[in-house]
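The values are calculated or read from the model by the stated rules, or taken from the named source; none is laboratory data. Remember, predicted model here, so these are calculated numbers, not experimental data. Positions of Cβ are generated from backbone atoms using ideal geometry, with glycine treated the same way; all protein chains shown enter the neighbour counts.
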């Protein structure tokens with residue numbers, strides 16, 4: 001699956017210099033991967049997945065020059081976000097919100113890329 005994800009990201013017009021930073025394969029369809037790609041606004045999208053057939057843990061983060069801008073993850077550390085728990089989103093002000101992501105990386109990445117593109121087009125990704 002990480003190969004298909006990497007291929008999808010490498011063919012995205014939003015990203016350049018897409019590369020695997022970390023990869024551990026534990027067995028068939030069981031892996032941990034960290035992928036980074038650059039945007040046109042000098043922001044970096046980082047994708048971290050720990051996937052096995054039972055479930056996927058993820059963190060998708062858009063970083064600017066000085067730190068995170070927006071991010072999604074499914075770590076179960078915010079039970080107060082009851083809608084679609086444990087999936088949640090941290091916006092550009094750091095406000096915690098429910099997330100529509102599902103934990104299926106191939107389904108979720110297009111949603112993440114669209115949000116990143118929207119952030120860049122609104123100038124959010126240029127924040128320090």
Residue 83 versus (1) touching a helix residue (DSSP H, G or I) at 6+ places or on another chain (Cβ under 8 Å); (2) part of a loop (DSSP other than H, G, I, E, B): which is the lone unmet condition?
(1)
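When only residues in the range 13-22 that are touching a helix residue (DSSP H, G or I) at 6+ places or on another chain (Cβ under 7 Å) and surrounded by fewer than 18 Cβ atoms within 10 Å (Cβ to Cβ) count, which is nearest to residue 115 (Cα to Cα)? Even if it seems obvious, please write down each step before you answer.
The initial filter retains those residues of the range 13-22 that are touching a helix residue (DSSP H, G or I) at 6+ places or on another chain (Cβ under 7 Å), namely 14-15, 18, 20.
So of that shortlist, the ones also surrounded by fewer than 18 Cβ atoms within 10 Å (Cβ to Cβ) come out as 14, 20.
Working: 14: 11, 20: 22 Å.
So the residue we want is 14.
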Quick count over the range 56-78, residues being at pLDDT below 90 and either farther than 16 Å from residue 37 by Cα or under 11 Å from the mean Cα position of the chain (by Cα) (or both), is 1
Tabulated pairs, the range 95-108, first in contact (Cβ under 8 Å) with a residue 12 or more places away in the chain, second assigned to a helix (DSSP H, G or I) and surrounded by 12 or more Cβ atoms within 10 Å (Cβ to Cβ), C-beta under 8 angstrom, 6+ apart or interchain:
100/111; 101/108; 101/111; 101/112; 102/108; 105/5; 106/5; 106/8
Filter result for the condition that a residue is more than 17 Å from residue 2 (Cα to Cα), surrounded by 15 or more Cβ atoms within 10 Å (Cβ to Cβ) and touching a strand residue (DSSP E or B) at 6+ places or on another chain (Cβ under 6 Å), over 39, 44:
44
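Take the residues in the range 1-12 that are touching a strand residue (DSSP E or B) at 6+ places or on another chain (Cβ under 8 Å) and in a helix (DSSP H, G or I); name whichever of them is nearest to residue 113 (Cα to Cα).
Initially, the range 1-12 is screened for residues touching a strand residue (DSSP E or B) at 6+ places or on another chain (Cβ under 8 Å), giving 1-2, 5-6, 9-10, 12.
Those still in the list that are in a helix (DSSP H, G or I) too: 2, 5-6, 9-10.
Details: 2: 16, 5: 12, 6: 13, 9: 9, 10: 12 Å.
Step by step, filter the range 1-12, then rank; the result is 9.
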